[in-house]
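Taking it in order: structure first as structure tokens, then the write-up.
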Amino acid sequence: AQTVTQSQPEMSVQEAETVTLSCTYDTSESDYYLFWYKQPPSRQMILVIRQEAYKQQNATENRFSVNFQKAAKSFSLKISDSQLGDAAMYFCAYRANDMRFGAGTRLTVKP
Amino acid sequence: NAGVTQTPKFQVLKTGQSMTLQCAQDMNHEYMSWYRQDPGMGLRLIHYSVGAGITDQGEVPNGYNVSRSTTEDFPLRLLSAAPSQTSVYFCASSYSSGGLGTGPYGYTFGSGTRLTVV
């Protein structure tokens, strides 16, 4: 079974600084998708960024980028120029058939 | 376009009571699923469906039933609620889960149901 591990239960970053959230996964599949979701206090799940495993190029969405290391089964999220609105729970997710989530990282942004 | 609609948003049940959490989507998504979210455990898959008439179990199916009679609706039933089922429940949908090239497979989530069993 696929598992997703987020080893940082909590992270903190100063406003305007850069932070990296870690994620590793375990799978025997060769084709799959990886995602980062943001969950603010409103509870809504918001897709931040996605990565196709067959693509070598790392995905980027404005201030959000990933470092995808397929051989190491690692998928970290980098948030540049952190803003107060980035404070939330962040979940890493893996999908080959159904989608599996990590336990989440709570990000605090200090003004 | 409503996306994924979950009802109710909040519910308190007594132990042993039954109830149905409703989920409806208007995007013609084949794939629908139910998750529960508990502190420190992320989202865990309860049941999923790859199309009308087809359902399967996820990681934590015990105590829950589902059916999928239409593409749009995927209700989750608690037959005899237990305190261990206190959680936040999310319904999600997407295009087909199988085969590359048919979509990015990102989910559209409902807004969640906070269920308390006392």
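The values are calculated or read from the model by the stated rules, or taken from the named source; none is laboratory data. Values in this document were obtained by computation on a predicted structure and should not be read as measured data. Don't worry about glycine lacking a Cβ; one is built from the backbone with ideal geometry, like all the others, and counts go over all protein chains shown.
Just the residues that are in contact with a strand residue (DSSP E or B) (Cβ under 6 Å, 6 or more places away or on another chain), of a type in the set (G, A, S) and more than 8 Å from chain A (Cβ to nearest Cβ), please, taken from region B:30-68.
Hit for region B:30-68 is B:S49, nothing else.
Kindly indicate whether any position in region B:18-36 is basic (K, R), surrounded by 15 or more Cβ atoms within 10 Å (Cβ to Cβ) and at pLDDT 95 or above.
yes
If you take the residues of region A:99-111 that are among the aliphatic types (A, V, I, L, M) and more than 14 Å from chain B (Cβ to nearest Cβ), which of them is farthest from A:E10 (Cα to Cα)?
Ranking the qualifying residues of region A:99-111, first place goes to A:V109.
Select from region B:47-69 the residues that are touching a helix residue (DSSP H, G or I) at 6+ places or on another chain (Cβ under 8 Å) and under 12 Å from A:D98 (Cα atoms) and list them in ascending order.
Of everything in region B:47-69, nothing turns out to be touching a helix residue (DSSP H, G or I) at 6+ places or on another chain (Cβ under 8 Å) and under 12 Å from A:D98 (Cα atoms).
If a residue counts only when it is within 10 Å of another protein chain (Cβ to nearest Cβ) and buried (at least 18 other Cβ atoms within 10 Å of the Cβ), which strands (runs of 3 or more DSSP E) contained entirely in region A:1-98 have at least 1 such residues?
Here the list reads A:3-5, A:33-39, A:46-52, A:88-95.
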